[in-house]
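In what follows, a structure is listed as structure tokens, so that the remarks can point back to it.
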Amino acid sequence: MIYSMTGFGSGRAEAPNLAVLVEIKSVNHRYLDVHIKIPGEYQNFENVIRQKISNAFKRGRLDVFVRIDYKRENIKLDVNEELIRAYVKMLSGLKAAYPIQGEVTLDMITRLPGLVAVSTSDLSAEESDLIARKIGEATSAALVQLKQMRITEGQSLVADIDRRLSSIERHLQTILAHSKDFVEHYRQQLIARVNELAPQLVADSGHRLETEALLYAERSDIAEETTRLRSHLDQFAGLKNLEDEAGKRMDFILQEMNREVTTILSKTSGLNELGANIGQAAIEIKVEIEKLREQVQNLE
């Protein structure tokens, strides 16, 4: 099953005096890129979240927002005394250097960020286990919701991909239909070229004629390109049922498809109406390939 990399999920887990909310937003990214915003005093529980995400997804940027409300009976505050001294020194220096009125007060200091934090160093083993378990439960619930949204988005992308593959198939049939006239077209061109070179044929023992024939034969043959393009289309369609990183593989096949179409355009340029019909179909295929690449960028 194909997953989109775009989605959102939220989960909540509770226990007496404890409530945990986890929200996860996902967008496309070449690799798995996880960013977690969690209250500073609970940062040591981040790995619980990262482990569950890495087990669930392979690609995408995931922004995780965690809110923890724990009503503890005994709360210990950690005071950053070194930071307080640095602030007081800075404020005293500013006051000495500039005509600033007022004194450094306790109220002023407690408003400064980073000076006081709730400590988790005194959490009991039971409390730590409870918090970790609830963070895990909330994360799991959020991931279930996120995965379902990514599945739904993936189904929409697959429907669009199918439409574009059908369009490419139609344009390829147009190319194949017109390419049947290539042999006759180049035969006529070769006859005209032989007549042009006739006075020189005896002098060069036919080598020039052989070179011209090989050149026209090579230019007229797009069977190899159309065969490879057909093969790439079949491979691409088969990836829709792939479980692991289908997006990367699809992107690679689309690059190969684009290369074949570019060669077809090169070989059929300058062939008047015959080349124009094939060229127009090839251009339409390139447009569809580019649209597919945009869609594939959002597939896991």
* Asked: Would you pick out the residues in segment 7-43 that are within 16 Å of the chain's Cα centre (by Cα) and of a type in the set (Gly, Ala, Ser)?
  -> Gly7, Ser26
* **Scan of segment 164-187 for residues that are open to solvent by less than 40 Å² (accessible area, probe 1.4 Å) and at pLDDT 90 or above, ordered by number** => Leu165, Ser167, Ile168, Leu172
* Structure fact -> Taking segment 85-102 and keeping residues among the β-branched types (Val, Ile, Thr) and at pLDDT 80 or above leaves Val88
* Residue satisfying all of: in segment 44-70; among the aromatic types (Phe, Trp, Tyr) and either in a helix (DSSP H, G or I) or modelled with pLDDT of 95 or more (or both); farthest from Phe8 (Cα to Cα) among these -> Phe45
* Asked: If you go through segment 138-161 one residue at a time, do you hit one that is farther than 18 Å from Asn55 by Cα, modelled with pLDDT under 95 and not in a helix (DSSP H, G or I)?
  -> no
* Within segment 9-46, which residues are more than 18 Å from Gly60 (Cα to Cα) and among the β-branched types (Val, Ile, Thr)? -> Val20, Ile38
* Val27 farther than 30 Å from Ile161 by Cα, in contact (Cβ under 8 Å) with a residue 12 or more places away in the chain and of a type in the set (Val, Ile, Thr) -> no
* Taking Lys25, is it open to solvent by 20 Å² or more (accessible area, probe 1.4 Å) and assigned to a strand (DSSP E or B)? -> yes
* Structure fact -> Counting only residues in segment 1-22 that are open to solvent by less than 60 Å² (accessible area, probe 1.4 Å) and of a type in the set (S, T, N, Q), the one modelled with the lowest pLDDT is identified as Ser4
* Looking only at segment 236-285, which residues are modelled with pLDDT of 80 or more and touching a Phe, Trp or Tyr at 6+ places or on another chain (Cβ under 8 Å)? -> Met250, Ile253, Leu254, Met257
* Got a sec? Which of Glu82, Glu41, Glu73 is modelled with pLDDT under 95, part of a helix (DSSP H, G or I) and loosely packed, with under 11 Cβ neighbours inside 10 Å? -> Glu82
* To do: May I ask you to list pairs of residues, at least six apart or on different chains, whose Cβ atoms are under 8 Å apart, with the first in segment 212-240 being surrounded by 15 or more Cβ atoms within 10 Å (Cβ to Cβ) and the second being among the small types (Gly, Ala, Ser) and modelled with pLDDT of 90 or more?
  => none
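The values are calculated or read from the model by the stated rules, or taken from the named source; none is laboratory data. What you are looking at is a predicted structure, and each value in this text was computed from that prediction instead of being measured. Neighbour counts are summed over all protein chains in view; Cβ atoms, including those assigned to glycine, are modelled from backbone coordinates with ideal geometry. Calculation scope for accessible area: heavy atoms of the full protein, side chains included, ligands and nucleic acids excluded. Shrake-Rupley method; radii C 1.70, N 1.55, O 1.52, S 1.80 Å.
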